[in-house]
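The structure appears right after this line, and notes come after that.
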């Protein structure tokens, strides 16, 4: 896409979880311990059909590395606008649940079952069928 991620590796492993009726997901305790009471949820910064959860400091650091030159290319500009428009800061409750905004759930095809993957600098949320198809494309 338009920039590389330069963050400390924090998240490894994969878990199966579900969205509740309110569109919330509970983060695995292993991941939850690394987050403060809030995080950012956004489309994948690489254009993959999943969502990324960011620790706020990492999110701001990543966004600060987007340069003015990246806004001059029409396709990059469109991607940057979409990514920033659909990045949301969300609160995590005492049970480790966070609400995933509806438009992001739709983008990532998240309806019930969710694969929660450590992606080193972020946590990714994938629909199981989308993940399976993605894996088939990359092999």
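Data overview
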{"item": "Cα gyration tensor shape for segment 51-139, rounded if a/c is under 1.5, else prolate or oblate", "result": "oblate"}
{"item": "Length added when fully stretched, residue 15-residue 75, from 0.36 nm per residue minus Cα-Cα", "result": "18.2 nm"}
{"item": "Segment 96-139: C-alpha gyration tensor shape, a/c 1.5 cut-off, then a/b vs b/c", "result": "oblate"}
{"item": "Degrees separating the helix 74-85 axis from the principal Cα axis of the chain, which is the longest one", "result": "40 degrees"}
{"item": "The chain - percent relative contact order, Cα under 8 Å, separation 6 or more", "result": "38 percent"}
{"item": "Proxy reagent accessibility, fewest Cβ within 10 Å first, across 84, 64, 44", "result": "64, 84, 44"}
{"item": "Exposure proxy ranking, count of Cβ atoms within 10 Å, fewest first, for 55, 66", "result": "66, 55"}
{"item": "By average C-beta atoms within 10 angstrom, highest first, the peptides 116-124, 15-23, 94-102", "result": "116-124, 94-102, 15-23"}
{"item": "C-alpha long axis of helix 128-138 to longest principal axis of the chain, angle in °", "result": "50 degrees"}
{"item": "Cβ-Cβ FRET estimate between residue 134 and residue 106, R0 fixed at 25 Å, reported to 0.05", "result": "0.90"}
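No lab work stands behind these numbers, since they all come straight from the coordinates. Just so it is clear, the structure is predicted and the values come from calculations on it, not from any experiment. Please note: Cβ atoms are built from the backbone with ideal geometry, for glycine as well, and neighbour counts cover all protein chains shown.
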